[in-house]
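Working notes for the structure below.
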Amino acid sequence: QVQLAESGGGLVQAGGSLRLSCAASGSVGTVKAMAWYRQPPGKWRDLVASMTSGGSTNYADSVKGRFTISRDNVKNTVYLQMNNLRPEDTAVYYCKVSERPPGHLYEFDIWGQGTQVTVSS
């Protein structure tokens, strides 16, 4: 089984920066897309940024120019650099990894446990 370990959340003032990390461990097969989602209090979970195994990226409009997703394929780790944070960025951030286990034909989505990001005004 594959486990995801997230880190890097916390409390920061508006305009500040945080870097989230999400590392996959265990019996990791072929990792395909890696992504970050967030869920503000009382709202749905939405995509923040994603990156394919080939390096193509996609960002939510609200974070373009402020957040950067990157990945280390050797370490099976995805990062989210968040700059110029705003109070509306406050949410629980979740990483998601699409992984094809060894010997399987299909991919499975694996979610991290979430990490809280709070931005004060």
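The values are calculated or read from the model by the stated rules, or taken from the named source; none is laboratory data. Here the structure is a predicted model, which means the values were calculated and not measured. Please note: Cβ atoms are built from the backbone with ideal geometry, for glycine as well, and neighbour counts cover all protein chains shown. Calculation scope for accessible area: heavy atoms of the full protein, side chains included, ligands and nucleic acids excluded. Shrake-Rupley method; radii C 1.70, N 1.55, O 1.52, S 1.80 Å.
Observations on the model:
- At q = 0.22, 0.33 Å⁻¹, base-10 log of I(q)/I(0) for the stretch 16-57 (Debye sum, equal scatterers on each alpha carbon): -0.94, -1.14
- 14 Å beta-carbon shell around SER98, net charge (K/R +1, D/E -1): +1
- Pairs of Lys residues in the stretch 18-121 are counted when their Cα atoms are under 22 angstrom apart and they lie 8 or more places apart or on different chains; the count is 6.
- Relative contact order (percent, whole number), the chain, Cα cutoff 8 Å, 6+ residue spacing: 35
- Within a Gaussian network of the chain (alpha carbon springs, distance under 10 Å), most fluctuating of LEU11, LEU47, LEU85: LEU11
- Backbone phi angles across the stretch 7-24, fed through the Karplus curve with coefficients 6.51, -1.76 and 1.60 (θ = phi - 60°), yield HN-Hα couplings of 7, x, x, x, 9, 9, 7, 4, x, x, 9, 9, 10, 8, 10, 9, 10, 8 Hz in residue order; Gly and Pro are listed as x.
- Label point distance in nm, THR118-GLN81, each placed 7 Å from Cα along Cα→Cβ: 2.7
- Residue by residue, the stretch 91-108 carries 3J(HN,Hα) couplings of 4, 8, 9, 10, 9, 9, 10, 9, 10, 9, x, x, x, 9, 8, 10, 9, 10 Hz when phi is fed to the Karplus relation 6.51 cos²θ - 1.76 cosθ + 1.60 (θ = phi - 60°); x denotes Gly or Pro.
- Dipole moment magnitude, nearest 20 debye, the chain about Cα centre, only Lys, Arg, Asp, Glu C-beta charged: 120
- Within-13-Å neighbourhood charge of GLY16 [Cβ basis; K, R +1; D, E -1]: +2
- Rounded to two decimals, the Cα radius of gyration of the chain over 2.2 N^0.38 Å is 1.04.
- With every protein chain in place, the chain: carbon and sulfur % of accessible area (1.4 Å): 49
- Surface per residue (accessible, 1.4 Å probe) for the chain, Å²: 54
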